[in-house]
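Novice: Structure incoming, see below.
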Amino acid sequence: MTLNPADTGFAARLSALLPDGVLRAPEPRYLEEPRGRFQGQAGLLAAPQNVEQVATLLREANLARVPVVPYGGGTGLVGGQLMPEGPAPLVVSLERLAAIRAVHAQENVLIAEAGAILADVQAAAQDAGRLFPLSLAAEGSARIGGNLSTNAGGVNVLRYGNARDLCLGLEAVLPSGEIWRGLSRLRKDNTGYDLRNLLIGAEGTLGVITAAALKLSPVPASLGTAIFTVTDPQAALALLALARDQVGEAVSAFELIHRQGLDFLTETLPQVRQPFAGAPEWSVLIELGLPKGLEAQEVLAELFAAAETADLVQDGVIAQSGAQRQMLWAVRENIPLANKAIGSVSSHDISVPISQIPAFIDEGSEVIARLGDFRINCFGHLGDGNLHYNVFPAKGRRREDYDSLRGAVKEVVHELVHALGGSFSAEHGVGRLKTGDLERYGDPVRLAAMRAVKQALDPNGIMNPGAVLRQG
């Protein structure tokens, strides 16, 4: 399908239909992404203020066959928020659709526009005495529409689920310019195909999400955070099972941390306080959220004692205050920044069945070692099987020294993940970075169905072309 650039003629056509201030010249910040792997382009930027303006933009783009790239907070890590090749697109930024439209505290529902920053959604829920549990490193700049479009994960998936699990309904504009007003607050609505779940995770390839009805949860009465040292990932899994046996679904987060990540922190961010005098080979960060009548610190102490008796843990630190809790979380949250400062050869956002995690870590070390001299920082959301498996140069060497091996590293990691029944993209999405991986590892029947859905909803192929599904 031939597409046309968002040129001056197209801009003039839109100017006659939209108020002043909606159309803007593209600024460089809309054409960059955090890892610097892609450089975007744009013929025109639009910052609509309401869903009707989004509808006008998509209707006219569809008529003129101009590509459209939806833009949230720009925090995506797989290039889904920019278009480096092809006709210069219309970039539609949702930053001005940022209102919290309503909070229904008794229903545990919040209605937010797509441009609302995740941290602001969390704050609005907190003001109502509720919790919006989606939590990730970029929550101060990521926008809820982008979180839903990528089905974002984060640290609380173990208890509360991905972004998909936190959404009841959507308002969205389809490529034709038609508005779907689906902001249902219902938990049960068994009336046919679920368009909501089709748009969530589609990365802007099937339409533009403009608002969402989000699930809230009660705020735990007692919150507890701890870091325990463990002998190996197998012991960490046994500790997770023990924790869930003792407190059930009250385990909110369970993060695996390898010594390499702590060493990187020492090297690049020495101001980050670490809980142990010497970095342990493996440790886990645990967070519990408990109801009234239970004290999280006491429960964590009981858990440590039981785990120590079972030879699962050797040492531990249980936060005794909010400041100590923040200190423990700062260790985990700064590991990606330390990784960035070191500079990886190849980074991987993978998931495998939880029971296969020890095998993956052991076999991964072996296959990487056969390729060359590398350091591996393996960390992440052990409770839901999602690991960030990042491969770095040997100490004293630069990542440029490994340019010829980057592709081989990615291939052996993804091949191992696939062999163990896992996914090459656990929470970051496909974007433009991983379209080849989707074709290689995706089920052919599923891929054919995805292409059929894309053709049905977006026959002119204007929505985020080249993302998720490679352009034909």
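The values are calculated or read from the model by the stated rules, or taken from the named source; none is laboratory data. As the structure is a prediction and not an experimental result, all values here were calculated from the model. Every residue, glycine as well, gets a Cβ built from its backbone with ideal geometry; the counts of neighbours run over all protein chains shown. Please note that ligands, DNA and RNA were not included when accessible areas were found on the heavy atoms of the full protein model with its side chains. Shrake-Rupley method; radii C 1.70, N 1.55, O 1.52, S 1.80 Å.
Novice: Given the criterion within 19 Å of Ile257 (Cα to Cα) and among the small types (Gly, Ala, Ser), identify the matching residue among Gly461, Gly385, Gly466. If you could, list the steps in order and put the result at the bottom.
Specialist: On the way: Gly461 fails: within 19 Å of Ile257 (Cα to Cα); Gly466 fails: within 19 Å of Ile257 (Cα to Cα).
Sole residue among the options that is within 19 Å of Ile257 (Cα to Cα) and among the small types (Gly, Ala, Ser): Gly385.
Novice: Which of the numbered conditions does Leu288 fail, given that it passes all the others? Conditions: (1) open to solvent by less than 10 Å² (accessible area, probe 1.4 Å); (2) at pLDDT below 95.
Specialist: Condition not satisfied by Leu288: (2).
Novice: For region 346-457, give me every one of the helices (runs of 4 or more DSSP H) that falls completely inside it and has 3 or more residues that are of a type in the set (A, V, I, L, M, F, W, C). So that I can check it myself, show each step before the final result.
Specialist: Working: elements: 357-371, 406-419, 435-441, 444-457.
Of the helices (runs of 4 or more DSSP H) lying wholly inside region 346-457, those with at least 3 residues that are of a type in the set (A, V, I, L, M, F, W, C) span 357-371, 406-419, 444-457.
Novice: For region 63-96, give me each residue that is more than 21 Å from the chain's Cα centre (by Cα), assigned to a loop (DSSP other than H, G, I, E, B) and at negative phi.
Specialist: Val66, Pro67, Pro84, Glu85, Pro87, Ala88, Pro89, Arg96, listed by residue number.
Novice: On to the next question. Here's a check for you: in region 76-93, which residue that is touching an Asp or Glu at 6+ places or on another chain (Cβ under 8 Å) and hydrophobic (A, V, I, L, M, F, W, C) is most open to solvent (accessible area, probe 1.4 Å)?
Specialist: Taking region 76-93 first, the residues touching an Asp or Glu at 6+ places or on another chain (Cβ under 8 Å) are 76-77, 79-82, 88.
From the residues that got through so far, the ones that are hydrophobic (A, V, I, L, M, F, W, C) too are 77, 82, 88.
Numbers: Leu77: 44, Leu82: 3, Ala88: 24 Å².
So the residue we want is Leu77.
Novice: Kindly provide the set of residues from region 156-166 that are within 19 Å of Gly73 (Cα to Cα) and not in a helix (DSSP H, G or I), ordered by number.
Specialist: Asn162
Okay, residues lined up against (1) part of a strand (DSSP E or B); (2) open to solvent by less than 10 Å² (accessible area, probe 1.4 Å); (3) farther than 18 Å from Arg325 by Cβ; (4) touching a residue at least 24 places away in the same chain (Cβ under 8 Å):
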{"residue": "Ala226", "(1), (2), (3), (4)": "yes, yes, no, yes"}
{"residue": "Leu256", "(1), (2), (3), (4)": "yes, yes, yes, yes"}
{"residue": "Thr266", "(1), (2), (3), (4)": "no, no, yes, no"}
{"residue": "Gln274", "(1), (2), (3), (4)": "no, no, no, yes"}
{"residue": "Gly278", "(1), (2), (3), (4)": "no, no, yes, no"}
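Novice: Name every residue in region 1-33 that is of a type in the set (Asp, Glu) and surrounded by fewer than 18 Cβ atoms within 10 Å (Cβ to Cβ), in order of residue number.
Specialist: Initial filter on region 1-33 (of a type in the set (Asp, Glu)): 7, 20, 27, 32-33.
Scanning region 1-33 gives Asp7, Asp20, Glu27, Glu32.
Novice: Then there's this: Have a look at Ser176, Ser184 and point out the one that is surrounded by fewer than 21 Cβ atoms within 10 Å (Cβ to Cβ), hydroxyl-bearing (Ser, Thr, Tyr), at pLDDT 95 or above and in contact with a strand residue (DSSP E or B) (Cβ under 9 Å, 6 or more places away or on another chain).
Specialist: Numbers: Ser176 fails: in contact with a strand residue (DSSP E or B) (Cβ under 9 Å, 6 or more places away or on another chain).
On inspection, the qualifying residue turns out to be Ser184.
Novice: Here is a follow-up. So which of Gly145, Gly169 is of a type in the set (Gly, Ala, Ser), assigned to a strand (DSSP E or B) and on the phi < 0 side of the Ramachandran plot? Even if it seems obvious, please write down each step before you answer.
Specialist: Values: Gly145 fails: assigned to a strand (DSSP E or B).
After applying the criteria, what remains is Gly169.
Novice: So, in region 431-462, exactly how many residues are under 21 Å from Ser344 (Cβ atoms) and either open to solvent by 20 Å² or more (accessible area, probe 1.4 Å) or more than 23 Å from the chain's Cα centre (by Cα) (or both)?
Specialist: 3
Novice: If you don't mind, another one. Of all residues in region 312-341 being over 28 Å from the mean Cα position of the chain (by Cα) and free of Cβ contacts under 8 Å to residues at least 40 places away in the same chain, which is most open to solvent (accessible area, probe 1.4 Å)?
Specialist: Only one residue tops the list, namely Gln320.
Novice: Out of curiosity, is Leu134 assigned to a loop (DSSP other than H, G, I, E, B), open to solvent by less than 50 Å² (accessible area, probe 1.4 Å) and touching a helix residue (DSSP H, G or I) at 6+ places or on another chain (Cβ under 7 Å)?
Specialist: Here the answer is yes, as Leu134 does meet what is asked.
Novice: State yes or no: is Leu469 over 20 Å from Ala152 (Cα atoms) and either out of contact with any strand residue (DSSP E or B) (no Cβ under 9 Å at 6 or more places or on another chain) or open to solvent by 20 Å² or more (accessible area, probe 1.4 Å) (or both)?
Specialist: On the way: over 20 Å from Ala152 (Cα atoms): no; either out of contact with any strand residue (DSSP E or B) (no Cβ under 9 Å at 6 or more places or on another chain) or open to solvent by 20 Å² or more (accessible area, probe 1.4 Å) (or both): yes.
No: the conditions fail for Leu469.
Novice: Is it true that Glu249 is in contact (Cβ under 8 Å) with a residue 60 or more places away in the chain and surrounded by fewer than 19 Cβ atoms within 10 Å (Cβ to Cβ)?
Specialist: Details: in contact (Cβ under 8 Å) with a residue 60 or more places away in the chain: yes; surrounded by fewer than 19 Cβ atoms within 10 Å (Cβ to Cβ): yes.
The answer is yes for Glu249.
Novice: Moving to a separate point now. Mind telling me which of the residues Gly36, Gly43, Gly73 ends up being open to solvent by 20 Å² or more (accessible area, probe 1.4 Å), under 30 Å from Ala338 (Cβ atoms) and without any contact (Cβ under 8 Å) to a residue 60 or more places away in the chain? Outline the logic, then answer.
Specialist: Values: Gly43 fails: under 30 Å from Ala338 (Cβ atoms); Gly73 fails: without any contact (Cβ under 8 Å) to a residue 60 or more places away in the chain.
From the options Gly36, Gly43, Gly73, the qualifying one is Gly36.
Novice: Out of the residues in region 57-70 that are of a type in the set (A, V, I, L, M, F, W, C) and in contact (Cβ under 8 Å) with a residue 12 or more places away in the chain, state the one that is most open to solvent (accessible area, probe 1.4 Å).
Specialist: Residues of region 57-70 that are of a type in the set (A, V, I, L, M, F, W, C), as a first pass: 57-58, 61, 63-64, 66, 68-69.
Now drop any that are not in contact (Cβ under 8 Å) with a residue 12 or more places away in the chain, which leaves 57-58, 61, 64, 66, 68-69.
Numbers: Leu57: 0, Leu58: 0, Ala61: 0, Ala64: 22, Val66: 2, Val68: 0, Val69: 2 Å².
Top of the filtered list is Ala64.
Novice: Across region 46-56, what is the number of residues that are touching a residue at least 60 places away in the same chain (Cβ under 8 Å) and either among the β-branched types (Val, Ile, Thr) or open to solvent by less than 20 Å² (accessible area, probe 1.4 Å) (or both)?
Specialist: Qualifying residue count, region 46-56: 4.
Novice: Could you please give the count of residues in region 143-165 that are closer than 24 Å to Val51 by Cα and buried (at least 24 other Cβ atoms within 10 Å of the Cβ)?
Specialist: Matching residues across region 143-165 total 10.
Novice: Still on this model: State yes or no: is Ala307 more than 22 Å from the chain's Cα centre (by Cα), open to solvent by less than 20 Å² (accessible area, probe 1.4 Å), over 30 Å from Val417 (Cβ atoms) and not acidic (Asp, Glu)?
Specialist: Details: more than 22 Å from the chain's Cα centre (by Cα): yes; open to solvent by less than 20 Å² (accessible area, probe 1.4 Å): yes; over 30 Å from Val417 (Cβ atoms): no; not acidic (Asp, Glu): yes.
For Ala307, the condition - more than 22 Å from the chain's Cα centre (by Cα), open to solvent by less than 20 Å² (accessible area, probe 1.4 Å), over 30 Å from Val417 (Cβ atoms) and not acidic (Asp, Glu) - is not met.
Novice: Considering only region 176-184, I want to know if a residue exists there that is out of contact with any Cys (no Cβ under 6 Å at 6 or more places or on another chain), touching a residue at least 24 places away in the same chain (Cβ under 8 Å), of a type in the set (Val, Ile, Thr) and farther than 30 Å from Leu285 by Cβ.
Specialist: Applying the first criterion (out of contact with any Cys (no Cβ under 6 Å at 6 or more places or on another chain)) to region 176-184 yields 176-184.
From the residues that got through so far, the ones that are touching a residue at least 24 places away in the same chain (Cβ under 8 Å) too are 176-180, 183-184.
The next check asks that each one be of a type in the set (Val, Ile, Thr); those that pass are 179.
Okay, now just the ones that are also farther than 30 Å from Leu285 by Cβ, so 179.
Yes - at least one qualifying residue is present in region 176-184.
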